[in-house]
Amino acid sequence: MRPEDEDVPWYQKAVIYQIAVALFRDSIGNGIGDLRGVTEKLDHVKDLGASAVWLQPFYRTPYLDGGYDVIDHVEVSDRFGTMDDFEDLMARAKELGLEVILDLVVQHTSVAHPWFRAACRDRESRFRDFYIWTDEPHETIVEPIFPSVEDSVWAWSEEAGQYYRHTFYRHEPDLNVANPEVRDEIRKIMEFWLERGAAGFRVDAAPYIVAEAGRADGHDDGFWFLEEMRSTVQRFRPDGVLMAEADVEPQQYADYFADGDRVTTLLNFWLNNYLFLALARNDAEPLRAALEAEPLPPESCNYAVWLRNHDELDLERLTPAEREETMAIFAPQPTMRAFGRGIRRRLAPMLGDPRQRRLAAFLLCSLPGSPIILYGDEIGMGDQPELPDRAAVRPPMQWSQGQNAGFSEAHAIQLVHPVITKGPFGYTQVNVEDELRDPDSLLCTMHTLLNVRREHGPLLATAARPVAVPQRHVFAVSYADERSTLLLLANLDRRGTTVTLPPELQREWDQLVVDQPYEDSAKGEELELHGYGYRWLRSE
């Protein structure tokens with residue numbers, strides 16, 4: 001049966017806009033984006049067609065890892081503003097009908113966190129057991145996340161007289177989630193932000209948190225802790241979201257969802273990887289096969305899908321051969337690659353043809369799950385390969401042709417990251433103001449796609465059905481209930497084609513969105529598709 005709009009949880013029909021606070025908008029001219037700057041630009045997010053924002057960390061931090069190195073989880077970093085600024089942001093978001101999802105970063109802390117400093121000073125401190133220690137480095141199932149940067153998960157603390165474990169950077173010691181006191185602190189952190197209106201959380205590094213919980217109580221391999229976290233959310237917000245960052249095989253997805261009482265939403269790395277393999281091959285088969293292979297989430301749960309995020313494009317779900325094939329197309333130079341597994345490029349430079357960028361946006365709106373748009377991808381921002389590691393994909397937002405792309409009035413040397421000034425992705429060529437005036441721009445295309453998607457949110461929350469067509473380079477998917485059917489067609493090849501529909505879909509269609517006009521009347525056995533073309537069709 002067709003779910004009525006009010007019966008579908010908001011996160012199942014959400015369009016999520018991802019904001020790096022430090023890089024979005026500087027409101028005071030010190031070169032660093034801040035919460036007030038985000039508030040000033042929330043109208044842009046709403047007008048784009050988003051219904052929620054995901055705020056990356058704005059907590060107290062030395063900012064050695066983009067804010068994911070936290071000193072205090074319940075304090076706004078003064079580099080980003082004040083608690084009053086956060087409350088103003090929440091009030092404006094509510095006025096605009098935008099939900100606000102926060103990053104929950106509790107797999108590790110900064111070495112400057114008071115807990116870790118106390119742990120180092122005194123072996124008898126209660127905080128010593130907040131972290132994981134050893135007298136001698138030893139083999140562990142945990143491996144360095146950044147193998148080209150860290151050659152071990154163990155680092156020596158002279159003050160503590162022991163080695164501490166760090167899955168990520170050595171300045172980010174792992175929290176001992178097996179310790180009930182740590183889990184209690186995590187609960188308090190969640191309660192603090194839920195009391196202040198957060199719609200829920202994106203759980204950073206969820207598999208590592210679960211694994212540590214399993215050391216305390218091995219039943220369900222530690223996944224029981226996700227149930228506790230979900231219960232915390234629901235006590236404040238029955239329809240609150242718990243979105244897990246879990247780059248795992250789809251056979252493990254059921255562990256994260258359970259019967260719908262663990263996470264509400266799972267970031268779908270599996271589908272993301274095979275989408276890029278399909279784009280690299282100009283062949284829809286990898287995407288269709290991946291969609292068929294993934295399990296359906298429970299009725300109250302869903303996936304989140306995206307094109308690019310704030311990290312490298314991690315391709316670990318592909319086979320080594322598939323990974324190398326995808327990298328050869330999208331990261332042909334060694335400097336474009338990261339950690340032996342991913343690509344440190346933004347979407348637009350990878351997809352050189354503007355038609356293919358629009359096609360990718362259409363595919364994002366076609367896939368089952370809540371689409372996430374990384375700030376700047378709606379205008380086709382570029383990257384900065386001359387910057388180290390993941391900083392390459394984190395340029396400041398480009399609002400206009402004005403000073404520093406309209407991001408900040410500070411002197412260029414004060415900027416948290418340099419703006420892109422040269423080439424086809426420089427801010428004089430790519431910015432919000434100019435694209436708003438161009439009806440053929442990527443921004444206007446995204447606006448159209450996202451608003452049509454939001455209009456059909458309840459139907460798109462039903463199960464996606466991959467449609468088999470003879471043309472391998474055409475991706476076709478349908479969504480249907482007893483009242484209507486949506487059919488989405490995308491040509492992954494640069495050459496035009498004619499797609500042959502199966503008999504059950506040979507009917508007269510209404511056209512909702514097309515890449516450009518088509519001469520056929522959208523009915524019958526065959527439909528035309530331009531090179532990198534797409535059609536979003538509906539029949540009642």
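The values are calculated or read from the model by the stated rules, or taken from the named source; none is laboratory data. The structure displayed is predicted, hence computed values, not measured ones. Counting neighbours? That spans all protein chains shown, and the Cβs are built from the backbone with ideal geometry, glycine included. Protein only, heavy atoms only, side chains kept; ligands, DNA and RNA dropped before computing areas. Shrake-Rupley method; radii C 1.70, N 1.55, O 1.52, S 1.80 Å.
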Open item on the list: Out of everything in region 453-483 that is among the small types (Gly, Ala, Ser) and open to solvent by 30 Å² or more (accessible area, probe 1.4 Å), what residue ends up being farthest from Ser300 (Cα to Cα)?
Closed with: Ala468
- [ ] Kindly establish whether Thr109 is in contact with a helix residue (DSSP H, G or I) (Cβ under 8 Å, 6 or more places away or on another chain), of a type in the set (S, T, N, Q) and closer than 30 Å to Ala361 by Cα.
- [x] no
TODO: State the number of residues belonging to region 74-94 that are open to solvent by less than 10 Å² (accessible area, probe 1.4 Å), in contact with an Asp or Glu (Cβ under 8 Å, 6 or more places away or on another chain) and not aliphatic (A, V, I, L, M).
DONE: 1
- [ ] Considering every residue within region 436-451, establish whether at least one is modelled with pLDDT under 95, under 26 Å from the mean Cα position of the chain (by Cα), small (Gly, Ala, Ser) and crowded, with 20+ Cβ neighbours inside 10 Å.
- [x] no
Task: Number of the condition not met by Ala412 [criteria: (1) without any contact (Cβ under 8 Å) to a residue 12 or more places away in the chain; (2) in contact with a helix residue (DSSP H, G or I) (Cβ under 7 Å, 6 or more places away or on another chain); (3) closer than 19 Å to Ile343 by Cα] - done: (3)
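Looking at the structure I just gave you, is Pro320 open to solvent by 70 Å² or more (accessible area, probe 1.4 Å) and either in contact with a Gly (Cβ under 6 Å, 6 or more places away or on another chain) or farther than 22 Å from Val430 by Cβ (or both)? Explain how you work it out, then say what you get.
On the way: open to solvent by 70 Å² or more (accessible area, probe 1.4 Å): yes; either in contact with a Gly (Cβ under 6 Å, 6 or more places away or on another chain) or farther than 22 Å from Val430 by Cβ (or both): yes.
Against the criterion (open to solvent by 70 Å² or more (accessible area, probe 1.4 Å) and either in contact with a Gly (Cβ under 6 Å, 6 or more places away or on another chain) or farther than 22 Å from Val430 by Cβ (or both)), Pro320 qualifies.
Of the residues Pro466, Pro503, only one is closer than 22 Å to Ala289 by Cα, over 26 Å from the mean Cα position of the chain (by Cα) and of a type outside the set (Phe, Trp, Tyr); which?
Values: Pro466 fails: over 26 Å from the mean Cα position of the chain (by Cα).
None of the others qualify; the one that does is Pro503.
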Open item on the list: Quick check on this structure: which one of Val106, Val153 is within 30 Å of Lys46 (Cα to Cα) and crowded, with 20+ Cβ neighbours inside 10 Å?
Closed with: Val106
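Having 1 or more residues that are β-branched (Val, Ile, Thr) is the bar; report the helices (runs of 4 or more DSSP H) wholly within region 302-367 that clear it.
Passing ranges, in order: 320-330.
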Task: Unmet criterion (only one of (1) of a type in the set (S, T, N, Q); (2) over 27 Å from Pro180 (Cα atoms); (3) open to solvent by less than 40 Å² (accessible area, probe 1.4 Å)) for Thr265 - done: (2)
- [ ] List the number of the failed condition for Arg390; all other conditions in (1) out of contact with any Pro (no Cβ under 7 Å at 6 or more places or on another chain); (2) more than 21 Å from Leu436 (Cα to Cα); (3) assigned to a loop (DSSP other than H, G, I, E, B) hold.
- [x] (3)
Task: Check on Ala522, of a type in the set (Gly, Ala, Ser) and either free of Cβ contacts under 8 Å to residues at least 24 places away in the same chain or in contact with a Gly (Cβ under 8 Å, 6 or more places away or on another chain) (or both) - done: yes
Task: Selected residue [over 23 Å from Glu245 (Cα atoms), over 22 Å from the mean Cα position of the chain (by Cα) and among the hydrophobic types (A, V, I, L, M, F, W, C)] from Phe192, Phe130, Phe116 - done: Phe116
Open item on the list: I need the full set of residues from region 377-396 which are of a type outside the set (A, V, I, L, M), without any contact (Cβ under 8 Å) to a residue 60 or more places away in the chain and either in contact with a helix residue (DSSP H, G or I) (Cβ under 7 Å, 6 or more places away or on another chain) or closer than 17 Å to Gln356 by Cβ (or both), in order please.
Closed with: Gly382, Asp383, Gln384, Pro385
- [ ] Can you run down the residue pairs with Cβ atoms below 7 Å, 6 or more apart or on separate chains, where the first is in region 474-493 and at pLDDT below 95 and the partner is open to solvent by 10 Å² or more (accessible area, probe 1.4 Å) and of a type in the set (A, V, I, L, M)?
- [x] Asp481/Met1; Glu482/Met1
Task: The listed residue being small (Gly, Ala, Ser) and under 24 Å from Arg202 (Cβ atoms), out of Ala278, Ala360, Ala331 - done: Ala360
Task: Test: residue in region 259-266 that is modelled with pLDDT of 95 or more, in contact with an Asp or Glu (Cβ under 7 Å, 6 or more places away or on another chain) and of a type outside the set (Gly, Ala, Ser) - done: yes
Open item on the list: Being in contact with a Lys or Arg (Cβ under 7 Å, 6 or more places away or on another chain) and either open to solvent by 10 Å² or more (accessible area, probe 1.4 Å) or not in a loop (DSSP other than H, G, I, E, B) (or both) is the filter here; which residues of region 283-301 pass it?
Closed with: Asp283, Glu285
- [ ] Go through region 406-423 and give me each residue that's surrounded by 12 or more Cβ atoms within 10 Å (Cβ to Cβ) and in a loop (DSSP other than H, G, I, E, B).
- [x] Phe407, Ser408, Glu409, Ala410, Leu415, Val416, His417, Pro418, Val419, Ile420, Thr421
- [ ] Could you tell me which residue of region 210-227 is modelled with the lowest pLDDT, considering only residues that are exposed (fewer than 15 other Cβ atoms within 10 Å of the Cβ) and within 20 Å of Asp129 (Cβ to Cβ)?
- [x] Gly218
